[in-house]
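The values are calculated or read from the model by the stated rules, or taken from the named source; none is laboratory data. All figures in this text were calculated on a predicted structure; none of them were measured in a lab. With ideal geometry, Cβ positions are generated from the backbone for all residues, glycine too; neighbour counts draw on all protein chains shown. Side chains included, ligands, DNA and RNA excluded: accessible areas come from the protein's heavy atoms. Shrake-Rupley method; radii C 1.70, N 1.55, O 1.52, S 1.80 Å.
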Amino acid sequence: MGEVWHDEGKMKTKMNTFTDFIASAEHLTHTHYTEPAKLLTSGGSAGGLLLGAVLNLRPGLFHAALLDVPFVDVINTMLDASLPLTTSEYLEWGNPTVKKEYDWMRAYSPYDNVKAQPYPTILVNVSFHDSQVPYWEGAKLVAKLRATKTDKNLLLLKTNLDAGHGGASGRTIH
């Protein structure tokens, strides 16, 4: 949809990314293509951030979610300038050392917005040798969800001990 549309989904307007995704899922249910009990969503890396934020905002919209090597601890990761991509990603997410940008990021950061509510069935896949999104991001999210969520839906963490960000070969996520 072009550069203008992309720009309307970053920095101070990053929340548009999540509300657009929710609107798309709602459209599928309102037009009877599906229903929440049959709707599955998946995403990896920054797509995992999308899903983490969406699941916090509208957990009842999906039956299940698959998060692959998810970027879900936005604040802590973006505060670590030694990680690959961090400083180059300031133009997309913001710089958390700048107060107003921290506030934007804090509003959607999946790890920071887990709350006591029901969540769908969730599988989180992480890779032990991931240099882009450290495995502990997904592990921390699962631990916080287990301690906080109010349902009994399945919540699984799978760690690939032989893989990096793109999987065992570095080219695929699985």
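Exactly one residue among LEU61, LEU40, LEU57, LEU91 is more than 21 Å from LEU145 (Cβ to Cβ) and of a type in the set (A, V, I, L, M), and that residue is LEU91. Is it true that LYS115 is among the charged types (D, E, K, R), surrounded by 15 or more Cβ atoms within 10 Å (Cβ to Cβ), under 26 Å from LEU39 (Cβ atoms) and modelled with pLDDT of 95 or more? No, not satisfied. Yes or no: LEU123 among the hydrophobic types (A, V, I, L, M, F, W, C), surrounded by fewer than 14 Cβ atoms within 10 Å (Cβ to Cβ) and out of contact with any Phe, Trp or Tyr (no Cβ under 6 Å at 6 or more places or on another chain)? For LEU123, the condition - among the hydrophobic types (A, V, I, L, M, F, W, C), surrounded by fewer than 14 Cβ atoms within 10 Å (Cβ to Cβ) and out of contact with any Phe, Trp or Tyr (no Cβ under 6 Å at 6 or more places or on another chain) - is not met. Condition first: among the acidic types (Asp, Glu) and either open to solvent by 10 Å² or more (accessible area, probe 1.4 Å) or outside any loop (DSSP other than H, G, I, E, B) (or both). Now tell me which residues in the stretch 56-83 satisfy that. Residues satisfying the conditions are ASP68, ASP80.
The single residue among TRP93, TRP136 that is within 14 Å of the chain's Cα centre (by Cα) and surrounded by fewer than 19 Cβ atoms within 10 Å (Cβ to Cβ) turns out to be TRP136. Beta carbons closer than 6 Å, at least 6 apart along the sequence or on distinct chains, never pair a first residue in the stretch 103-118 that is free of Cβ contacts under 8 Å to residues at least 24 places away in the same chain with a second that is buried (at least 21 other Cβ atoms within 10 Å of the Cβ) and assigned to a loop (DSSP other than H, G, I, E, B). All told, SER109 falls short of being open to solvent by less than 80 Å² (accessible area, probe 1.4 Å) and modelled with pLDDT under 90. Determine, yes or no, whether ALA53 is open to solvent by less than 50 Å² (accessible area, probe 1.4 Å), part of a helix (DSSP H, G or I) and either modelled with pLDDT of 90 or more or at positive phi (or both). The answer is yes for ALA53.
I'd like to check something: does the stretch 26-37 contain any residue that is open to solvent by 50 Å² or more (accessible area, probe 1.4 Å), of a type in the set (Gly, Ala, Ser), in contact with a helix residue (DSSP H, G or I) (Cβ under 7 Å, 6 or more places away or on another chain) and more than 24 Å from THR13 (Cβ to Cβ)? No, the stretch 26-37 contains no residue that is open to solvent by 50 Å² or more (accessible area, probe 1.4 Å), of a type in the set (Gly, Ala, Ser), in contact with a helix residue (DSSP H, G or I) (Cβ under 7 Å, 6 or more places away or on another chain) and more than 24 Å from THR13 (Cβ to Cβ). If only residues of the stretch 129-174 that are at pLDDT 95 or above and of a type in the set (Ser, Thr, Tyr) are counted, the one that is nearest to LEU40 (Cα to Cα) is THR150. Of all residue pairs spaced 6 or more apart or on separate chains, those with beta-carbon atoms under 7 Å, a first member in the stretch 2-21 that is closer than 24 Å to VAL98 by Cα and a second member that is modelled with pLDDT under 95 and outside any helix (DSSP H, G or I) are MET11/GLY94; ASN16/GLU8; ASN16/GLY9; THR17/GLY9. Tell me, yes or no, whether the stretch 33-45 has at least one residue that is in contact (Cβ under 8 Å) with a residue 12 or more places away in the chain and assigned to a loop (DSSP other than H, G, I, E, B). For the stretch 33-45, residues in contact (Cβ under 8 Å) with a residue 12 or more places away in the chain and assigned to a loop (DSSP other than H, G, I, E, B): present.
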